[in-house]
1. As an exercise: evaluate V276 against (1) open to solvent by 40 Å² or more (accessible area, probe 1.4 Å); (2) more than 16 Å from the chain's Cα centre (by Cα) and give the number of the one condition it does not meet.
2. Please state which of the following conditions R150 fails to meet, knowing it meets all the rest: (1) within 25 Å of A37 (Cα to Cα); (2) loosely packed, with under 13 Cβ neighbours inside 10 Å; (3) of a type in the set (D, E, K, R).
3. Out of (1) under 23 Å from L354 (Cβ atoms); (2) among the hydrophobic types (A, V, I, L, M, F, W, C); (3) open to solvent by 30 Å² or more (accessible area, probe 1.4 Å); (4) touching a residue at least 12 places away in the same chain (Cβ under 8 Å), what's the single condition that is false for A323?
4. Residue by residue through the range 214-242, note down the ones that are open to solvent by 20 Å² or more (accessible area, probe 1.4 Å), assigned to a helix (DSSP H, G or I) and β-branched (V, I, T).
5. So for the range 88-108 (the condition being assigned to a loop (DSSP other than H, G, I, E, B), modelled with pLDDT under 95 and out of contact with any Gly (no Cβ under 8 Å at 6 or more places or on another chain)), does at least one residue qualify?
6. Determine if the range 26-37 includes at least one residue that is of a type in the set (D, E, K, R), over 21 Å from V138 (Cα atoms) and within 20 Å of the chain's Cα centre (by Cα).
7. What pairs come up if the first residue lies in the range 56-76 and is closer than 14 Å to L218 by Cβ, the second is of a type in the set (K, R) and open to solvent by 10 Å² or more (accessible area, probe 1.4 Å), and their beta carbons are under 6 Å apart, counting only those six or more places apart or on different chains?
8. Checking T164 against (1) of a type outside the set (A, V, I, L, M); (2) open to solvent by 50 Å² or more (accessible area, probe 1.4 Å); (3) outside any helix (DSSP H, G or I); (4) touching a residue at least 24 places away in the same chain (Cβ under 8 Å), which single condition isn't satisfied?
Amino acid sequence: MNDALTAALHRAAAHQQRFEVRFAAYFDALTDPARGALDLPPQGAFPRQALDLVRELSLRGGKRLRVALLHEAAALVTHEPVPGLDDAAVSIELLHTHGLIHDDIIDDAAVRRGGPSTYYAYRSRFPDRPDVALALAVLAGDLAAFLSLRVLLTGDLPPARIATMAAVPADAGAAMINGQILDLERDFHPDADIGFLHTVTEYKSTRYSVLAPLRLGLLAAGADIAPYEGELRAYATAVGIANQIHDDWLDLFGDSATLGKPLGSDIRTGRRSYVVRALLAAADDAERKVVDAVLGDPACDDDALDRIRRIARAHGIDSSLRADAEHHAREAAALTGTWGERWRPEAVAFFAHLPAWSVTRDR
């Protein structure tokens, strides 16, 4: 790892550590009447339980890549403290929580970030009422989404920037939902082409995980982003594709303990991920039967996954997908080449080196 990448990772870690304290304080304030508490119903236990589960999943960890992107986007413009930047970071992470909760419902995923998914937390509380568990999990995800807007509307943003910045998570959230819908449609196309997969990635994750933090950080710092929208979108798209290919690679070839969830979720759900698409394209007739036997089988065990890995490695899919991810990462880094002409070099260096990290991380 070179010195510049190490420095970028240290900056990201510093943002993460500071944010964890801020995020916990945000949830504390939601139940403190002296600090702008949420208007929870005076009767009933379920609303508070939903908020507690949103809090628990939100604070359980994650890379906080969006937080680092947002702070460094503001740092492109200024080294001074930026009012409302912490609120913007909370907003984008709450939107992420919303996405995780709903994604785990769609995938019937039991584990998230080393603990039970919100959906399965409810299933354990209501083992005889799966309908109630499902409904409450959906509503908990919705609560996180609305809180992501509320924090911007009630926070410390300059009044002139509130509407513009609140529109960012609203647009990103709508894109995410459309991406989830398209993700489900993708699996009805057994031979979905690479362009279809890139479009799913763009809407399901890139718009809110990369582009939205870039926009929020620059807007919070008072920048006019209209002249740079095209290049910001191009950078986000390249990083997003690199990141998603690597995520798909980790799902089959990573370490479950490090990831905090079981491997093989794409195989078990039958999702036509980048890995699955490559696997189906490369497999011969005998290998295709092995793959088809477990694809979409939630009971697929570790032995079956090992057989899939052996087939994938025999065709070089593990190495070819890493090469694809690295290609898109290099493309993203190259797009930052002109940023130093108008933005602060230290922050530009962060964005130049971030793509390389996105395809070498282990979780």
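1. (1)
2. Result: R150 fails condition (2) only.
3. The single condition A323 does not satisfy is (4).
4. The one that is open to solvent by 20 Å² or more (accessible area, probe 1.4 Å), assigned to a helix (DSSP H, G or I) and β-branched (V, I, T): T237.
5. yes
6. no
7. Sorted first by the residue in the range 56-76, then by its partner, the pairs are L76/R344.
8. Only one criterion in (1) of a type outside the set (A, V, I, L, M); (2) open to solvent by 50 Å² or more (accessible area, probe 1.4 Å); (3) outside any helix (DSSP H, G or I); (4) touching a residue at least 24 places away in the same chain (Cβ under 8 Å) is unmet by T164, namely (3).
The values are calculated or read from the model by the stated rules, or taken from the named source; none is laboratory data. Just so you know, these numbers come straight off a predicted model, no measurement behind them. Cβ sites come from the backbone with ideal geometry, for glycine too, and all protein chains shown count toward neighbours. Heads up: the accessible areas ignore ligands, DNA and RNA and are worked out on the full protein's heavy atoms, side chains in. Shrake-Rupley method; radii C 1.70, N 1.55, O 1.52, S 1.80 Å.
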